[in-house]
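First comes the structure, then the notes that go with it.
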Amino acid sequence: MKGLELAENYFIRVGAPMIEARFPFLRDRLAAGLVGDGSECFGFDDVFSQDHDWGPGFCLWLTEADDQAHGRALAEAVAALPRTFAGFHGRSESAWGKGRVGVFEIGRFYQRFIGLSRPPATLDEWRRIPEESLAVATNGKVFTDPLGEFTRFRQALLAYYPEDVRLKKIAARCMAMAQSGQYNFMRSARREEAVAAQIAEGRFIEESLSMVFLLNRVYKPFYKWMHRALKDLPILGETLHHLLRSLVDTREGDLTYSVHERKSGLIEVACQEVIAELRRQGLSRSTSDFMLDHGPEVQSRIKDQDLKKMDVWVE
């Protein structure tokens, strides 16, 4: 059983009856679900995930007034629930995994991830939030939310970046993909700077992954889940998932090409796929094969003048 399914079943069969019996006045006011840190919140958990911070548990979210009035009592009641459920033992919390489930005030719950107890209201506020934090704040599942307060905050984040912020990020990714992959990777290899070449390859992979999430208007998750999450994206997800896997798996096979030259070829294919999508989305009219030429094209479409004047490399 996946952790998210386990959490929902645990809430339905154990948590909800307790709330009905002891806090019936909160039944139509609290939200329940599982959102936040942990592979199970992304649906990526497996047998290896169960060694820590995994098991029966759920989140309950209250308004500020309800939390002040009933939060402590509700938290104590939740903590007293049976730890074992459906054959699974209670959560074994690691030193850094405490507080992932339990009772939370809505504003403080989101503030933990995005630094704000309300949805971001300006371009600068959006830009200051790490993208991985937005992914964590909007993952998982809300099991019930009759009042709708938690969901309203969640939907404001899921609506994604303001378009100007997305364009700024895409422009910077164009520059970084060009610099690391199309330019510096082979230059480092030809100089026999193997470490520099591998760093360039790694940076190209990370920038490419980020680019595909931006093109899909989906927040990228923590780095170890980026490639896993990529294949579920409708725009270039399957294509780049395969290309990047091939890039890191490349071995010497054809004696007419070096390993680095074969990798360079895969990098170029990935860049051309992204360039084609930039054109499909109307973000660039450049006919260049070099991604560096597309960054300024994308940035020129930003409407906010202060953001538009920023260095195209920065974001």
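Here is how the numbers come out for the structure above:
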item	result
Single residue of Ala31, Ala69, Ala73, Ala137 found to be in the same structural domain as Phe11 (by TED's automatic domain parsing) and under 18 Å from Ile12 (Cβ atoms)	Ala31
Residue check for Ala171: buried (at least 18 other Cβ atoms within 10 Å of the Cβ), closer than 29 Å to Ile267 by Cβ, touching a Gly at 6+ places or on another chain (Cβ under 8 Å) and of a type in the set (A, V, I, L, M, F, W, C)	yes
Qualifying positions in segment 183-196 - touching a residue at least 24 places away in the same chain (Cβ under 8 Å) and either out of contact with any helix residue (DSSP H, G or I) (no Cβ under 9 Å at 6 or more places or on another chain) or buried (at least 21 other Cβ atoms within 10 Å of the Cβ) (or both)	Phe185, Ala189
Residue match in segment 140-150 (condition: assigned to a helix (DSSP H, G or I), closer than 23 Å to Trp61 by Cα and out of contact with any Phe, Trp or Tyr (no Cβ under 7 Å at 6 or more places or on another chain))	yes
Selected residue (only one of Arg13, Arg29 is in contact with a Leu (Cβ under 9 Å, 6 or more places away or on another chain) and either of a type in the set (A, V, I, L, M, F, W, C) or at pLDDT 95 or above (or both))	Arg29
Yes/no for Glu105 being surrounded by 18 or more Cβ atoms within 10 Å (Cβ to Cβ), acidic (Asp, Glu) and closer than 18 Å to Ile12 by Cβ	no
Some residue of segment 114-125 being modelled with pLDDT of 95 or more, in a loop (DSSP other than H, G, I, E, B), of a type in the set (Val, Ile, Thr) and assigned by TED's automatic domain parsing to the domain that holds Pro24	yes
Candidate set: segment 271-297, residues that are surrounded by fewer than 22 Cβ atoms within 10 Å (Cβ to Cβ) and small (Gly, Ala, Ser); chosen: the one nearest to Asp164 (Cα to Cα)	Gly282
Condition broken by Leu157, with the remaining ones in (1) under 16 Å from the mean Cα position of the chain (by Cα); (2) part of a loop (DSSP other than H, G, I, E, B); (3) not β-branched (Val, Ile, Thr) satisfied	(2)
Leading residue by the ranking (nearest to the chain's Cα centre (by Cα)) among those in segment 211-250 that are hydroxyl-bearing (Ser, Thr, Tyr) and at pLDDT below 95	Tyr223
Residue satisfying condition, being among the hydrophobic types (A, V, I, L, M, F, W, C), in the same structural domain as Pro296 (by TED's automatic domain parsing), more than 26 Å from Lys309 (Cβ to Cβ) and part of a helix (DSSP H, G or I), within set Ala176, Ala171, Ala189	Ala189
Some residue of segment 116-132 being in contact with a Lys or Arg (Cβ under 9 Å, 6 or more places away or on another chain), of a type in the set (Lys, Arg) and touching a residue at least 60 places away in the same chain (Cβ under 8 Å)	yes
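The values are calculated or read from the model by the stated rules, or taken from the named source; none is laboratory data. Everything numeric in this text was worked out from a predicted model, so none of it was measured. We place every Cβ from the backbone using ideal geometry, glycine too, and count neighbours over all the protein chains shown.
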